[in-house]
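Each remark here refers to the structure printed beneath this line.
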Amino acid sequence: MAQVTLQKVRKVYASGYEAVQGIDLDIHDGEFMVLVGPSGCAKSTTLRMIAGLEDITSGDLFIGERKVNDLPPSKRNVAMVFQDYALYPHMTVYENMAYGLRIRKLSKSEIHQRVTNAAHILGLADHLAQKPKALSGGQRQRVAVGRTLVREPEVFLFDEPLSNLDAKLRVHMRAEIIKLQKTLATTMVYVTHDQVEAMTMGDRICVLDAGRIMQVDTPRALYERPANRFVATFVGSPAMNILRGRLAKENETYCFVSGGMTLTLPADKADKVKPYVNKDIELGIRPEHIRDRSTDTQTDNVVRGTVLLIELMGNEIIVHVDVAGQPVIGRLDAHAPVAHGVEHDFILDMRYSHFFDPESGKNVSC
């Protein structure tokens, strides 16, 4: 096992495009770190620099105590699982898993022990004599993981390994990889564009955008205390609502005002956003913190909006509402009395509100 440390790491291509813009990241020994972000955010490029498949333009990369900037992939003691299973179709499962060890000239007994141990951990013991075409997609992915597992690396690297699987199998394989990491207690770095996958798998998550780190934290902290507007809207499904308005002070009460809405801030929020009085500010509130007024006795922070769309999710509904000309999404009980095209009253629970600087996007209420 080993920690991975990136210090001011940059990646600039020959065209002059700076894909990775001087990032600092400490991945702890035995940690499951997830790199997540939209397409083009440089998460895969960062992973490939750790693997040694991309050169580092500047900065330093350490695996354990070793600086590995100039070491080839074979000398870094890392193993990578790609999006494509990349299995040899003419070889059996056993031969696919053993191939890398034979190249390294390990003894037959050592190879056999490593392969059979990995097959047992991954539930492949009954499939060692089969070829990839006889396996399901999930089994093929486990073979790809097993091929890296037998190498006994210090760090496992996963580059969107589940993106080719169907939804049900993705959920199953997520659980399998999490259990594997807990069993091995090995450092793993996992790349995905799926924020749900990131939230359910990572000990910590590194959110990237345009080659920069937006925030590194636990899943709960990212969700409850996003550092900026980008993280707030990227993490969570449906995304956090962002409403544009101004901060006003009426007597000793601080309010968010937008169109016909006037929303009262709790004291703890007001203390943090006082500098924005009479200035533009953005309000963020998650869909689950919007309630149906018809079943609630609260009288303040009530807004009226026209229901534009209702999505039935089984145990709940997702409602899309026009509130004072701004789109708002709420997550309500499946039996909430809302109807398409009809005005309805909703309560915004301002205890869970966030406020963002309109220019920088920084969360100024945490």
Requested in this report: Per DSSP H run of at least 4 residues, take -39500 (n - 2.57); add these up for the chain, divide by its residues and hand me the 222 nm value, nearest 500 deg cm²/dmol.
Outcome: -7500 deg cm²/dmol
Query raised in the report: Of all DSSP beta bridges located in the chain, what percent are antiparallel, nearest 5?
Result: 75
Report task. Would you mind telling me which residue in Ala167, Ala86, Ala270 has the biggest mean-square fluctuation in a Gaussian network model of the chain, where springs connect alpha carbons within a distance under 10 angstrom? Result -> Ala167
Report task. Using the number of other C-beta atoms within 10 angstrom as an exposure proxy, rank Cys255, Cys41 with the fewest first. Result -> Cys255, Cys41
Report summary line: For Leu312 and Glu224, extending 7 Å from Cα along the Cα-Cβ vector and measuring point to point gives, in nm, a value of 3.5
Query raised in the report: Where the centre of each part is set by its Cα atoms, how far does segment 217-272 sit from segment 88-165, in angstrom?
Result: 48
Requested in this report: Please list, in chain and number order, the residues 5+ apart from Glu282 or on another chain whose amide H is under 5 Å from its amide H, with Hs placed from the backbone.
Outcome: Phe356
Query raised in the report: Using 7 Å Cα-to-Cβ label points, what is the Asn117/Ala86 separation (nm, one decimal)?
Result: 2.4
Query raised in the report: Tilt of helix 108-122 relative to the longest C-alpha principal axis of the chain, in degrees (0 to 90, nearest 10)?
Result: 30
Report summary line: The set of residues whose placed amide H lies less than 5 Å from the amide H of Tyr190, leaving out same-chain residues fewer than 5 positions away, is Met33, Val34, Leu35, Phe158
**Report entry** GluC sites (Glu not before Pro) restricted to DSSP loop in segment 55-146 with at most 16 other C-beta within 10 Å
**Finding:** Glu65
Requested in this report: Be a star and scan segment 119-148 for residues whose amide nitrogen sits under 19 Å from the point 7 Å along the Cα-to-Cβ vector of Arg104.
Outcome: 119-122, 143-148
Report summary line: Once both label points are put 7 Å beyond Cα along the C-beta direction, the Glu359-Lys274 separation in nm becomes 2.2
Query raised in the report: How much length, in nm to one decimal, is gained on full extension between Thr297 and Asn164, taken as 0.36 nm per residue of separation minus their Cα-Cα distance?
Result: 43.1 nm
Query raised in the report: If we count other beta carbons within 10 Å of each Cβ, what is the order of Ser237, Ser44, fewest first?
Result: Ser237, Ser44
Query - Whole-percent pair-distance distribution, where bins are 20 Å wide, for the alpha carbons of the chain - result: 25, 45, 25, 4, 0
Requested in this report: Kindly express, to the nearest 10 degrees and within the range 0 to 90, the angle between helix 167-184's C-alpha long axis and the longest C-alpha principal axis of the chain.
Outcome: 60
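Throughout, read-outs are computed from the coordinates displayed, never taken from laboratory work. Since we're looking at a predicted model, the values are computed, not measured. When we count neighbours, we look across all protein chains shown, and the Cβ atoms used for this are built from the backbone with ideal geometry, even at glycine.
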